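The values are calculated or read from the model by the stated rules, or taken from the named source; none is laboratory data. Everything numeric in this text was worked out from a predicted model, so none of it was measured. All Cβ positions, even for glycine, are placed from backbone atoms using ideal geometry, and neighbour counts span all protein chains on display. These area figures cover heavy atoms from the full protein model, side chains too; ligands, DNA and RNA do not enter into them. Shrake-Rupley method; radii C 1.70, N 1.55, O 1.52, S 1.80 Å.
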Amino acid sequence: TAAQETSQDESETAAQEDSTEAGTEADSEAAAETEAVPERPDYNALDYVTLGEYTGLTVTIDLNVTDEEVEEAVNDNIKSSGSLETVEEGTVQEGDTVNIDYEGKLDGVAFDGGTDKGYDLEIGSNTFIDGFEEGLIGVAAGETVDLSLTFPENYFSADLAGQDVVFTVTVNEIQRVPELTDELASTLSEGAYTDAASYRESIRQELQADKESQRDSMIQQAILTQIANTCTINSYPQELVDYSVESTLSYYQSMAEAYGMEFADFLTAYMGLTEDQLRDEAALAAQENMQAEMYLKAIAEQEGIQVTEEEFQTGAEEYAQQYGFESADDLIAYYGEGMVDISLLQDKVLDFLMENTTVEEAQSESSTEA
């Protein structure tokens with residue numbers, strides 16, 4: 001809907017809102033069209049990157065599970081199970097799910113996409129534009145309020161971007177996450193846990209296991225963060241930026257064809273952009289996305305780290321299994337040899353960095369108090 005906060009980062013969502021089975025097929029066809037990718041340009045990263053310190057680093061990771069994380073996970077399970085309670089008395093609070101009717105008007109005239117009935121909205125989800133959800137806090141079921149709001153300047157619809165509007169909203173029903181009781185814990189766990197305390201502990205253990213499984217990823221991210229602070233990207237390889245931009249345009253062109261639309265019309269309808277604007281945003285996104293790669297490739301060049309033919313084949317086979325391809329050849333045909341090679345090179349450099357980094361784990365509050 002036009003009340004929802006849809007910026008360029010969420011542009012695909014705008015297309016998805018109108019999609020049906022035909023739309024899903026269009027996405028699939030678009031993806032299929034992009035399978036035969038041209039070969040990715042190679043470059044010398046040290047031509048663009050000034051390296052700083054990258055070995056002998058010390059990073060700290062936090063594998064502790066907080067009480068807040070446990071409660072959030074419990075509440076998410078309660079919501080997904082359909083166990084919310086209807087609030088008979090009282091007003092909307094943060095975290096409530098409200099069923100609403102609303103109508104948005106610009107200069108007193110209702111605008112397209114600004115009206116809906118029976119919409120379920122979680123307060124605090126930041127689904128709608130700034131001020132919408134906050135404006136419903138303190139409203140009782142059955143009440144109607146007028147919310148004077150302003151659409152973001154980068155809103156996907158050019159007609160609404162930066163505009164002052166008024167939403168008339170009626171709160172039909174308020175639903176709230178109930179307290180976790182022994183009975184509810186048993187229901188949520190299908191009888192595996194019969195009291196709230198043991199159910200909470202099981203959730204804590206699950207979250208702890210998840211964090212432990214992400215340990216290496218957390219270390220790598222912490223290393224990359226430090227490297228980004230010590231190394232400098234002076235410029236970007238233009239051929240690679242252009243390659244990424246053309247890949248992005250090719251994908252959306254295929255989507256437009258699958259939807260049976262002219263490319264310019266597709267961009268306007270679903271992304272609120274011209275082709276030039278899409279190119280500019282794709283170029284910025286490409287530069288941002290290749291930063292970590294450039295740091296790691298520069299380190300590989302400095303240290304003489306390379307992917308051998310044997311490592312390439314073994315790695316490609318592992319990737320193929322991980323991402324659901326029938327063979328390494330299928331994976332290479334889809335992504336291109338250059339993309340597979342640079343991914344394997346980054347993995348190898350990250351292994352090198354982890355071997356040359358001191359890792360410290362944050363203590364829990366209880367350990368600190370002890």
| Positions within the stretch 83-115 being among the acidic types (Asp, Glu) and surrounded by fewer than 16 Cβ atoms within 10 Å (Cβ to Cβ), in sequence order | 85, 88, 89, 94, 101, 107, 112
| Given the residues 132, 128, which is the only one that is farther than 29 Å from residue 265 by Cβ and among the aromatic types (Phe, Trp, Tyr)? | 132
| query | Based on what the data block shows, is residue 270 of a type in the set (Phe, Trp, Tyr) and under 27 Å from residue 39 (Cα atoms)? | reply | no
| query | Considering the stretch 140-160 alone, what residues qualify as being within 19 Å of residue 267 (Cα to Cα), touching a Phe, Trp or Tyr at 6+ places or on another chain (Cβ under 9 Å) and surrounded by fewer than 19 Cβ atoms within 10 Å (Cβ to Cβ)? | reply | 157, 159
| note | Taking first residues from the stretch 271-283 that are at positive phi and second residues anywhere that are in a loop (DSSP other than H, G, I, E, B) and crowded, with 19+ Cβ neighbours inside 10 Å, the pairs with Cβ under 8 Å that are 6 or more apart or on different chains are 272/155; 272/156
| Can you pull out the residues in the stretch 122-136 that are open to solvent by less than 20 Å² (accessible area, probe 1.4 Å) and β-branched (Val, Ile, Thr)? | 123, 129
| query | Within the stretch 212-245, can you find the residues that are more than 22 Å from the chain's Cα centre (by Cα), surrounded by fewer than 16 Cβ atoms within 10 Å (Cβ to Cβ) and outside any helix (DSSP H, G or I)? | reply | 232, 234, 235
